[in-house]
Amino acid sequence: MISHKYSPIPGSDPEQSGVNTQTTARGKMVTLATRIQVSKPVKLLGVIAFLFLIWILYNYRIIENENVMNEGDFGSANKKENVVSTPKPDLKVVKVDVYYECLCPDSRYFVLHELLPTFEKVGSMMDIHLWPYGKATTTVTEKGYEFSCQHGEQECIGNIYHACVEKIVEDMTKKLELIKCMISDNYEPENIAKKCASEGGIDFEEIQICASGSEGKLLHFQAGLKTEALHPKVSFIPTIEIDDSQNSQKAILKNFLKEVCEAYSSQYLTPSEKLAHCP
């Protein structure tokens, strides 16, 4: 009788089947974390990518905050526009030259109602220079200079005090406050200068030495040279230059803040940006 040998069918052996069943059962209990082992380089790359994403988001917020002004500090503005803060003094500024006379009613009005209010709003973006001379004339003599002023001798003396303040007082806020105080009542130049300096906490002695000596006369003479060099020639006092241009004097004298803001915006801002406190 011929005997046939049969190869066992995989999984048909009860004993082997039991072993496989146990292995399979155990295999189902193994978690994904124990099956997949991530190499260290891959883990490191993932951490770096995550940190890089955080860095991008952080820098984006910084850039965004630099272009948007805090409305609580600078006033409200159109939400659709980028609002930038007024620049610091060592950044971009508009140069302003004021040609005036200390006893001129129009000069007084401009200083009190246009120059000072504008400085209080956007002062840090202006580089202001004062030239107290107006329509005076100068005669050079052997002893120095002799002046003739539109509103008399007291105006010449007052202009000299203003010129000394312009040179000596470096802090622009204190300087303009002193000029404001003096020009409000400049018919007794020395007395008002002393009173205003005392109220502003400014050393009057240095100003007095300047105004009563040759330095004050020289400064008044130099203000005259600057005034006479204007182009077009001065025809009305005060005359105001913005960035060395007289532009429309009527517009400047009527709304100085608006003209300063427009000059700054046209040079340094994009059309979508707006300065705080500007009309």
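Would you mind checking the pairs Lys167/Lys274; Lys143/Lys175; Lys175/Lys226; Lys95/Lys195; Lys92/Lys180; Lys92/Lys217 and listing those with alpha carbons more than 24 angstrom apart?
Too far apart for the 24 Å limit: Lys167/Lys274; Lys143/Lys175; Lys95/Lys195; Lys92/Lys180; Lys92/Lys217.
Work out how much length Tyr109 to Asp203 would gain on full extension: take 0.36 nm times their residue separation and subtract the Cα-Cα distance, in nm to one decimal.
31.2 nm
With a 10 Å radius around each residue's Cβ, average the other Cβ atoms per peptide and rank 248-258, 189-199, highest first.
My ranking of the peptides, most packed first, is 189-199, 248-258.
Using alpha carbon centroids, what distance separates region 132-181 and region 215-236, in Å?
A separation of 10 Å, based on Cα centres.
Could you pull the Rg and Dmax for region 133-222, using just the Cα atoms, both in Å?
12.5, 38
On a full-extension model of 0.36 nm per residue, what is the gain between His277 and Lys258, subtracting their alpha-carbon distance, rounded to one decimal in nm?
Between His277 and Lys258, full extension yields 5.9 nm more.
Ranked highest first by the average count of other Cβ atoms within 10 Å around their residues, in what order do 159-166, 225-232, 144-151, 103-110 fall?
Descending mean neighbour count gives 159-166, 103-110, 144-151, 225-232.
So if R0 is 25 Å, what FRET efficiency would Glu188 and Gln222 give, r being the distance between their Cβ atoms, rounded to the nearest 0.05?
0.50
Using a probe radius of 1.4 Å on heavy atoms only, what accessible surface per residue do you get for region 216-265? Whole Å² is fine.
Per-residue accessible area for region 216-265 comes out at 50 Å².
Keeping the other protein chains in place, figure out the carbon and sulfur percent of the accessible area of region 149-192, with a 1.4 Å probe.
Roughly 45 percent of what the probe reaches on region 149-192 is carbon or sulfur.
The values are calculated or read from the model by the stated rules, or taken from the named source; none is laboratory data. None of the values given here were measured: they were computed from a predicted structure. Neighbour counts run over all protein chains shown; Cβ positions are idealised from the backbone, glycine included. Ligands, DNA and RNA are excluded from the accessible area calculation, which covers all protein heavy atoms including side chains. Shrake-Rupley method; radii C 1.70, N 1.55, O 1.52, S 1.80 Å.
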